[in-house]
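Report on one structure; see the data block that follows.
The values are calculated or read from the model by the stated rules, or taken from the named source; none is laboratory data. Keep in mind that this is a model prediction, so the values were computed, not measured. In this analysis, Cβ positions are derived from the backbone assuming ideal geometry, glycine residues included, and neighbour counts consider all displayed protein chains.
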Amino acid sequence: MVDRRLLTIYWRDMLRFVRFKGLLVSSLVQPALWLAFFGIAMSSNFDMIGSQVPPVPGIPSVGYLTFMCAGVISMTTLFTSLFGGMSLLFDKNWGLLREVMAAPMSRANIVLGTGLSGITKSIIQASIILAFGLLLGVEFFAGYTPVQVVVAVAGIMGFVAVFALGFIFLSAAIAITMESPEGMQGIMTLLTMPIFFASNALYPAQAFPPVLQAAAAVNPLTHMVVGIRYFAIGPSFQAIGQTFTYTAGDLALSFGVLCAFAAVTFLFALRQIRRARVT
Amino acid sequence: MADEVIRVDGLSHRFDELVAVDGVSFSVSAGEVFSFLGPNGAGKSTVINVLTTLLPMQDGEVVIAGRDLRTDPLGVREAIGIVFQEVTLDRDMTVGETLEFHGRLYGLPREERRARTDELVALVELEAKRDTLIKHLSGGMKRRLEIARGLMTRPTVLFLDEPTIGLDPQTRARMWEYLRQVNREGTTIFLTTHYMDEADQLSNRIAIIDYGRIVAEGRPYELKNALGQDLVYLETAENGRARAVLGAMPFVGRIRDKDGGFLVMVTDDGTRVLPGMLDALRDAGVVVTGINMKKPSMDDVFIHHTGRALRDEGTESAAATLSRAGRR
């Protein structure tokens, strides 16, 4: 059974997270750089194209930087979580995993403790990108009351948490069966490409060919982005010459998809870690 | 036996086609130091990995501290301490954090974790290193920390898989001291080793394992005495005829080739029977060119039971270290 010893796993993960200052800083600076360089460069182009389409009256209009900021938050969470399981692989080869596996407790503690530390890291990163984005002029929470801002941030962090869990579990499940970090790196790179580009993170998915559209529709990243945009920009807005509308139903569906994804990957990770032989 | 701490019956383990452990049975009593002695690849680590639940049970029955390994592996884990063969530490944690982490994983209350940590860092003389990161510790210190960690929960049995592998001779000797002290305080110890002297010096009982089977078991002196009282090494001008002459004598046990001569196991006191042996050879006209006599060692016991030498890598590496030092 799961018990509070998942917090022991969590405590040790966080100990390492704050101890490696270089990793900590680079993991926080890298998404900020994405936003600063890619975001600003692309928005100067996209906003030019968008401005040729006459805006639909009555629907708030946002710039490309605002549109893609949700994508950058999602992408950062994706990368951090996918590589988050790598610590299990290092632990298996050079660290404490043998000790953890020999302890008299449920394997679920290991999976959930790792998941919890993944959530913490992702929420810290997301907060920093959010703050940095607002500094750069991202028009999130435009016209919100303070209470609405609090609700919106809580909603965003809820999506970040569930989304991070799904990918940290997937990453843990893969890491525990891998032998080398190089192999793991290869698989992760292979996974991130389609997940990242077959989504609505950087551009709208409406104009994709049908196959890609179908892929985007089941892609957790798409649902993550929907959640963030709903809370940060609003249920209805226009950007890059297109109108986006997310109903409460869309929001619930997206959250449901992410929860289901996390549940499935949790069971996958638990199964893989129960089968793993670390001697 | 009522005070039996480990009982193993017919334990077998295979990896695909390879039979690593083949019907091993033994038992260990409370307070004993019990060693598994054998060459690399004999199946020692597989046995210890099954007993410590790192590998699943396949065939056989195992009861440790009154808990059945098959039905209650978590119970077994609670009752044992483990020092793994390979260093199992996080380089970026401190000595104190490592023990704290272990105590929490095993569900020790906070007060007890603190108290045990204080006691154990004192036992293994790491008080001054409590807040030092593990990457700054020497190999011997890491091993000591791992022993301390294994004792954190006051286990009924402490399992050690090759506890002194890769350590220099002085550090090994100190490690033995710690283990003797731990044992004096009541912890049963099960260890695997391929060092003859380690098994001989440290254990109450030894099981010699080769190709997955136990080939001999007993107290160190029993195992050595079973080979006879003394071993006489002889070199003669006609080894074949000499062996025939000696083989007919009543106190002569097995004879086997060694280097340029042969080794005779005698069942009586060698000091008394050696003159008679030499007389018999002279009467038969065999010229003796070399002679030596010694008590049987664990090495001889191993060769006797397996028919081949177990290279004592400890002595070898010590010799290599000396020769390197000499060259400098």
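Go through B:147, B:134 for me and flag whichever is touching a strand residue (DSSP E or B) at 6+ places or on another chain (Cβ under 8 Å) and away from chain A (no Cβ under 13 Å).
That would be B:147, the only listed residue that is touching a strand residue (DSSP E or B) at 6+ places or on another chain (Cβ under 8 Å) and away from chain A (no Cβ under 13 Å).
Tell me which of these residue A:196 doesn't satisfy, since it passes every other one: (1) under 15 Å from the mean Cα position of the chain (by Cα); (2) surrounded by 18 or more Cβ atoms within 10 Å (Cβ to Cβ).
(2)
Can residue A:150 be described as over 20 Å from residue A:27 (Cα atoms) and modelled with pLDDT of 90 or more?
The answer is yes for residue A:150.
Does the stretch A:88-107 contain at least one residue that is over 30 Å from residue B:148 (Cβ atoms) and either at pLDDT below 90 or surrounded by fewer than 22 Cβ atoms within 10 Å (Cβ to Cβ) (or both)?
The answer is no; no qualifying residue exists.
Out of the helices (runs of 4 or more DSSP H) lying entirely within the stretch B:233-313, which hold 1 or more residues that are modelled with pLDDT of 90 or more and out of contact with any Pro (no Cβ under 7 Å at 6 or more places or on another chain)?
B:239-247, B:270-283
When you check residue A:180 against the structure, is it of a type outside the set (D, E, K, R), buried (at least 22 other Cβ atoms within 10 Å of the Cβ) and at negative phi, yes or no?
No, not satisfied.
Do we have any residue at all in the stretch B:168-176 that's of a type outside the set (D, E, K, R), touching a Leu at 6+ places or on another chain (Cβ under 6 Å), closer than 30 Å to residue B:119 by Cα and assigned to a helix (DSSP H, G or I)?
There is at least one residue in the stretch B:168-176 that is of a type outside the set (D, E, K, R), touching a Leu at 6+ places or on another chain (Cβ under 6 Å), closer than 30 Å to residue B:119 by Cα and assigned to a helix (DSSP H, G or I).
What tally of residues in the stretch B:84-99 results from selecting those that are more than 9 Å from every other protein chain (Cβ to nearest Cβ) and surrounded by 22 or more Cβ atoms within 10 Å (Cβ to Cβ)?
Of the residues in the stretch B:84-99, 2 are more than 9 Å from every other protein chain (Cβ to nearest Cβ) and surrounded by 22 or more Cβ atoms within 10 Å (Cβ to Cβ).
Looking at B:52, B:71, B:46 in this structure, which one is hydroxyl-bearing (Ser, Thr, Tyr) and over 23 Å from residue B:217 (Cα atoms)?
On inspection, the qualifying residue turns out to be B:71.
For the stretch B:240-255, indicate whether the set of residues that are without any contact (Cβ under 8 Å) to a residue 12 or more places away in the chain, within 26 Å of residue B:43 (Cβ to Cβ) and not hydrophobic (A, V, I, L, M, F, W, C) is non-empty.
Within the stretch B:240-255 (the criterion being without any contact (Cβ under 8 Å) to a residue 12 or more places away in the chain, within 26 Å of residue B:43 (Cβ to Cβ) and not hydrophobic (A, V, I, L, M, F, W, C)), the answer is no, since none of the residues qualifies.
When only residues in the stretch A:22-57 that are polar (S, T, N, Q) and surrounded by fewer than 17 Cβ atoms within 10 Å (Cβ to Cβ) count, which is farthest from the chain's Cα centre (by Cα)?
The extreme case among them is A:52.
Evaluate the stretch A:247-256: report whether one residue or more is more than 14 Å from every other protein chain (Cβ to nearest Cβ) and under 30 Å from residue A:98 (Cα atoms).
no
For residues in the stretch A:1-21 being in a helix (DSSP H, G or I) and more than 9 Å from every other protein chain (Cβ to nearest Cβ), which is modelled with the lowest pLDDT?
Of everything passing the filter in the stretch A:1-21, A:21 is modelled with the lowest pLDDT.
Counting just the residues of the stretch A:257-279 that are more than 14 Å from every other protein chain (Cβ to nearest Cβ) and among the polar types (S, T, N, Q), which one comes out surrounded by the fewest Cβ atoms within 10 Å (Cβ to Cβ)?
A:272
Please determine whether any residue of the stretch A:56-74 is among the polar types (S, T, N, Q) and over 29 Å from residue A:25 (Cβ atoms).
yes
Go through (1) under 19 Å from the mean Cα position of the chain (by Cα); (2) in a helix (DSSP H, G or I); (3) more than 14 Å from chain B (Cβ to nearest Cβ) one by one and return the number of the condition residue A:140 breaks.
The number of the failed condition is (2).
Being part of a helix (DSSP H, G or I) and either in contact (Cβ under 8 Å) with a residue 40 or more places away in the chain or buried (at least 16 other Cβ atoms within 10 Å of the Cβ) (or both) is the filter here; which residues of the stretch B:181-200 pass it?
B:181, B:182, B:183, B:196, B:197, B:198, B:199, B:200
What pairs come up if the first residue lies in the stretch B:103-126 and is more than 12 Å from every other protein chain (Cβ to nearest Cβ) and in contact (Cβ under 8 Å) with a residue 40 or more places away in the chain, the second is surrounded by 15 or more Cβ atoms within 10 Å (Cβ to Cβ) and not small (Gly, Ala, Ser), and their beta carbons are under 8 Å apart, counting only those six or more places apart or on different chains?
Final answer for the pair search is B:123/B:151; B:123/B:178; B:123/B:182; B:124/B:144; B:124/B:145; B:124/B:147; B:124/B:178.
Select, from A:66, A:76, A:80, the only residue that is buried (at least 18 other Cβ atoms within 10 Å of the Cβ), more than 14 Å from chain B (Cβ to nearest Cβ), in contact with a Lys or Arg (Cβ under 8 Å, 6 or more places away or on another chain) and assigned to a helix (DSSP H, G or I).
One residue alone meets the criteria, A:80.
Before we move on, is residue B:71 at the interface with chain A (Cβ under 10 Å from one of its Cβ atoms) and either within 23 Å of residue B:200 (Cα to Cα) or among the hydroxyl-bearing types (Ser, Thr, Tyr) (or both)?
no
Please pick out the residue among A:111, A:149, A:160 that is over 26 Å from residue A:231 (Cα atoms), β-branched (Val, Ile, Thr), more than 14 Å from chain B (Cβ to nearest Cβ) and part of a helix (DSSP H, G or I).
A:111
Would you check if there is a residue in the stretch B:61-79 being surrounded by fewer than 19 Cβ atoms within 10 Å (Cβ to Cβ) and closer than 23 Å to residue B:142 by Cβ?
No, because not a single residue in the stretch B:61-79 is surrounded by fewer than 19 Cβ atoms within 10 Å (Cβ to Cβ) and closer than 23 Å to residue B:142 by Cβ.
What's the number of the only condition in (1) closer than 26 Å to residue A:216 by Cα; (2) not in a loop (DSSP other than H, G, I, E, B) that residue A:24 fails to meet?
With respect to (1) closer than 26 Å to residue A:216 by Cα; (2) not in a loop (DSSP other than H, G, I, E, B), residue A:24 is out only on (1).
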